[in-house]
Amino acid sequence: MIQIQQLLDDKTVIHYLDLSFKKVDIQGVQALAKSLKINTVLSTLNLMGNKINDKCAQILAEVLKINVRLTTLNLGYNQIGIEGIQALAEALKINTVLSTLNLMGNKINDKCAQILSEVLKLIPL
């Protein structure tokens, strides 16, 4: 994951990064987050099928609050529950750039759906 961080830090022109099913965990998310806070090129990040939990989602939510380039984030088939959904929802209130967020296959219950529904009402179509 350190090589990915260095690659993104060097401002290489990468628009799409697919790390699906690569066993990305909290250490990987922390490395990615550090780079995504300053990266101005990457627009699509696929983290489907990894070890992304609530803590990881909270870290990514902090990135979404300041990253103005990422338009697509795929977090499908991870282990995100209510705490992660709450953090992502708060970030979506601030982030006006992200247009696609895949959360399929996570631990989304009725409360999570309600939280996301409330945020979506705030986003202009």
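Just so you know, all these numbers are worked out from the coordinates, no wet-lab data involved. These numbers were taken from a predicted model, which means no experiment stands behind them. Note that each Cβ is placed from the backbone with ideal geometry, even for glycine, and that neighbours are counted across all protein chains shown.
Numbers below:
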read-out	value
Helix-only CD estimate at 222 nm, as mean residue ellipticity for the chain, using -39500 (n - 2.57) per DSSP H run (n ≥ 4)	-14500 deg cm²/dmol
Cβ-based net charge around residue 54, under 12 Å, with every Lys or Arg adding one and every Asp or Glu removing one	+2
Out-of-range pairs (alpha-carbon distance over 21 Å; input 23/65; 23/93; 93/121; 37/111)	23/65; 23/93; 37/111
